[in-house]
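The values are calculated or read from the model by the stated rules, or taken from the named source; none is laboratory data. Since we're looking at a predicted model, the values are computed, not measured. For neighbour counting, all protein chains shown are included, and Cβ atoms are generated from backbone atoms with ideal geometry for every residue, glycine included.
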2 protein chains.
Amino acid sequence: MENSFSKAGKRIIDWIDNYFSTVEKFPVKPNLNPGDIEKLFDYAPPLKGVNYDEILHDFEKKIIPGITHWQHPGFHAYFPANNSEPSVLAETLMAGLGVQGMKWITSPAATELEKLVMRWLQQMLKLPADFKGVLMDTASVSTLCAVLSARERVSDYTINKDGFMDKKLRVYCSAEAHSSVEKAVRIAGIGSDNLVKIEVDDLLKMNTSDLKIKIDNDIENGYLPCCVVGALGTTGSGAVDPLEEIGKICLENNIWFHIDAAYSGNALVLADFRDSVKGIELATSFVFNPHKWMFTNFDASAFFVKDSSLLTKTFSLVPPYLQTGHEDEIDFSNWGIQLGRRFRALKLWYVIRTFGVDGIKEKIGKHIELGKRFEKYISDSPDFEIITPRNLNIICFRYKSTGSKDKNAVNEKLLESINNSGKIFLSHTMIRGNFVLRFVCGQTNVEEKHIDNAWNIIRQHAQELK
Amino acid sequence: MENSFSKAGKRIIDWIDNYFSTVEKFPVKPNLNPGDIEKLFDYAPPLKGVNYDEILHDFEKKIIPGITHWQHPGFHAYFPANNSEPSVLAETLMAGLGVQGMKWITSPAATELEKLVMRWLQQMLKLPADFKGVLMDTASVSTLCAVLSARERVSDYTINKDGFMDKKLRVYCSAEAHSSVEKAVRIAGIGSDNLVKIEVDDLLKMNTSDLKIKIDNDIENGYLPCCVVGALGTTGSGAVDPLEEIGKICLENNIWFHIDAAYSGNALVLADFRDSVKGIELATSFVFNPHKWMFTNFDASAFFVKDSSLLTKTFSLVPPYLQTGHEDEIDFSNWGIQLGRRFRALKLWYVIRTFGVDGIKEKIGKHIELGKRFEKYISDSPDFEIITPRNLNIICFRYKSTGSKDKNAVNEKLLESINNSGKIFLSHTMIRGNFVLRFVCGQTNVEEKHIDNAWNIIRQHAQELK
């Protein structure tokens, strides 16, 4: 049996190449029930090995029909996990090398390239020069690291050692913040009841008067304010909290200020957007995900802190069998939760070198133009309405429907009908009690024609509901 | 500028193919100082893109010299992050698809293939049939999920909500347990002072009399025992704690019993080793890392729990914009910390199908034989001594040295000398105050000749110290 890696690898490269050019032929989201894919496979593991051709054949026949195609230009749901050719090339190399970058010595180039690409990203986004960067897997983990480090700082590093103290800590975020903040507060043992949700204004941005009042009240009542999480782009609608005002309040009260810029942070490469955002320099920590909108396949979350010792004092715990003398500053496993670390920097290095900063700006800029194009279709139509002003390329809208029908029910039905078509894939959010359709155009290869097509599909499905 | 993905991808496949067959020509560990690699690169990110050939050229010239070659058969340090051809092929496909498996609907096949391969692993390791499995990135995260879920169970799910209560929780592990347990206890807010380190016996296994005494004392003193972590293979020497006895103590006291089998768990595929390990069925949770010794490139950590609701009750927190009606049971992001999830199941599916269970058994069995071979060299030599009996393929030994020299200093110098040769790479551990050389032979392609070669290199460097 000939089972050559080289042959199989090249067949897979051809498969991917073909997939990239034909992805639009697949339904974006398969129309399946749970268990439909599972039942195609043997319950027991195979005793004997088979050749690569047979496996790739089964992959095409049994797995592909169960894939939601995140790289389909009709994928407008959630935030994208966008991808690109150089990113795939780099992941292939990473897998081939098979290194584990937990410490500097376990591959000096993995650590040093990570330092390099983090500095590149820092310059590209015009982040403060004193920020230090590290790559994490997800924003969930980056935000958790921020909350844990804030917890340790405010407790003078006693919770790590003694466990929780009598005083209750408090974390603040707007009602529109991502669920990962609440998850982090739970994991950290602070308790979701001590996550104080701050009111939002009409544009769904944090109301800083309410923040101030709630912090003051908490201090009066014996709570210990620990961390404020500001959104540079909420998940629902992309609203940007008033970061400068939040930063000042945090400074006055010596509270850790974490900025969650998971998706929208990528757009800081654009001078216009960057200029519109004030106050990043006041942040204690900042996260954005190149895997969401910088053409770097999942996972790659870029986490910055003002002072890396805030992380190492929280996470470093070097046992004898790992001690090498180069601890803390250059052993990135001391900056976070996981000991094992992938060589993610190689992906960012490949992507930034292939696109160039100009190429990345151009693509992100174009995606925002496409967002405007879609927004115009909606606002020009008598049958639809924009629910909150567009932020970047996130459009929240709904079908007005006619008569006395429950608008939420109608829009939920419309979404289901659109998504089951397999032609485009949208998600939804709730805004002021309204079920709202949410359209994001950040898939790497989305073009004008896809936006026009999406609009036609949406209109047509709305027509059919009548 | 021709910049074809297909061409570049095939060049990379050829590069990897060549790397696999020539990896022994590289120094296992480069001899560098921090900063040596970093300074080869431009400080500022490039504005314009370049073509793939130029990037691959720089990769070879600037990055490869800074790589520690985990796939070199002379890599005997830490635990391996071993790799294989099918694993690289699958990572390439995963990158090409670019899916994000946070929820069932975001790619049904990603969730369902994960269920499938976890069931396969469960059968291969003869784990209890009622275990439910999920893939995590690392054992650090799996163990953290166990500790967090234990914390919630013992507090009746109040800490997640209210934050810590007055009662101090206690977690127990042996003095030889992996550092990730202490990290988890810190992150969970339990405090490292509440991690009770249990004595070990002469074979470095947990002393269950001491465990019993310490739990009883803690209960008497008003502490709340929460979780015991037993090692199925400690990191230092591979010692297996008396799991059955620990499990019974946990059962009596209603304490969560987590088994950390990160490395050695892979050897449970072998009937002999499986038969020698009693008590796994008493575990509440169990983790092992196929990325350590099942030819699946980093990352892939297999985490099993007796009852998946113990995880979902701890981690599920589904915001409206992610609600689809298929929550909890099939949305794996509700089983752990991260929202975003890679399609890691594809790697395990590729690896298990290519090797077959028999092929995996054969390779792991061979690695243990190689461990015996190395052990014999050491024990037959008058100049070296085995410090603790071999477990599987982990050999802890040291150079006896001559005269009155400080044995620890001599062995430290010996290790440095061996590692700087670039021919093989070992790590060390401390056993009863002794600096001990630690030799693991689990790299995928290690053969008799590599063991013989390693022994010659070690002897030669010891001679030179005289």
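Put simply, of A:Val147, A:Val154, A:Val141 the only residue that is more than 8 Å from chain B (Cβ to nearest Cβ), buried (at least 24 other Cβ atoms within 10 Å of the Cβ) and among the β-branched types (Val, Ile, Thr) is A:Val147.
Assessment of the range B:62-70 against the conditions (more than 7 Å from chain A (Cβ to nearest Cβ), touching a residue at least 24 places away in the same chain (Cβ under 8 Å) and of a type in the set (D, E, K, R)) yields at least one matching residue. Beta carbons closer than 8 Å, at least 6 apart along the sequence or on distinct chains, pair a first residue in the range A:234-257 that is among the acidic types (Asp, Glu) with a second that is at pLDDT 95 or above and not in a loop (DSSP other than H, G, I, E, B) for A:Asp241/A:Ser174; A:Asp241/A:Met206; A:Asp241/A:Gly230; A:Asp241/A:Ala231; A:Asp241/A:Leu232; A:Glu244/A:Leu282; A:Glu245/A:Thr208.
When B:Asp42, B:Asp17, B:Asp58 are checked against the criterion of being buried (at least 19 other Cβ atoms within 10 Å of the Cβ) and either free of Cβ contacts under 8 Å to residues at least 12 places away in the same chain or at the interface with chain A (Cβ under 7 Å from one of its Cβ atoms) (or both), a single residue qualifies: B:Asp17. Here A:Ala129 fulfils each of the conditions (1) under 30 Å from A:Ile368 (Cα atoms); (2) of a type outside the set (Lys, Arg); (3) in contact (Cβ under 8 Å) with a residue 24 or more places away in the chain; (4) more than 7 Å from chain B (Cβ to nearest Cβ) apart from (3).
Every condition in (1) in contact with a Ser or Thr (Cβ under 6 Å, 6 or more places away or on another chain); (2) β-branched (Val, Ile, Thr); (3) closer than 25 Å to A:Leu204 by Cα holds for A:Thr444 except the one numbered (3).
Which of the numbered conditions does A:Glu182 fail, given that it passes all the others? Conditions: (1) touching a strand residue (DSSP E or B) at 6+ places or on another chain (Cβ under 8 Å); (2) surrounded by 24 or more Cβ atoms within 10 Å (Cβ to Cβ); (3) at the interface with chain B (Cβ under 10 Å from one of its Cβ atoms). Condition not satisfied by A:Glu182: (2). Condition check: under 27 Å from the mean Cα position of the chain (by Cα), over 28 Å from B:Asn289 (Cβ atoms) and either modelled with pLDDT of 95 or more or surrounded by fewer than 19 Cβ atoms within 10 Å (Cβ to Cβ) (or both). Does B:Asp162 satisfy that? Against the criterion (under 27 Å from the mean Cα position of the chain (by Cα), over 28 Å from B:Asn289 (Cβ atoms) and either modelled with pLDDT of 95 or more or surrounded by fewer than 19 Cβ atoms within 10 Å (Cβ to Cβ) (or both)), B:Asp162 does not qualify.
Looking at this structure, is A:Phe75 aromatic (Phe, Trp, Tyr) and surrounded by fewer than 22 Cβ atoms within 10 Å (Cβ to Cβ)? Taking the combined requirement at face value, the residue does not satisfy it. Out of all the residues in the range B:306-328, is one or more at pLDDT 95 or above and not in a helix (DSSP H, G or I)? Taking every residue of the range B:306-328 in turn, at least one turns out to be at pLDDT 95 or above and not in a helix (DSSP H, G or I). For the range A:353-437, which fully contained strands (runs of 3 or more DSSP E) count at least 3 residues that are within 11 Å of chain B (Cβ to nearest Cβ) and either over 21 Å from A:Ala267 (Cβ atoms) or not charged (D, E, K, R) (or both)? Passing ranges, in order: A:425-431. Do we find a residue being touching a strand residue (DSSP E or B) at 6+ places or on another chain (Cβ under 9 Å) and outside any helix (DSSP H, G or I) anywhere in the range B:36-50? Checked the range B:36-50: no residue is touching a strand residue (DSSP E or B) at 6+ places or on another chain (Cβ under 9 Å) and outside any helix (DSSP H, G or I). In the range A:67-167, counting only helices (runs of 4 or more DSSP H) that sit wholly within it, the ones holding 1 or more residues that are within 30 Å of B:Pro108 (Cβ to Cβ) and out of contact with any Ser or Thr (no Cβ under 9 Å at 6 or more places or on another chain) span A:85-97. In the range B:163-184, the residues that are closer than 15 Å to B:Phe257 by Cα never reach a residue that is basic (Lys, Arg) and at pLDDT below 95 with C-beta atoms less than 8 angstrom apart, at least six apart or across chains.
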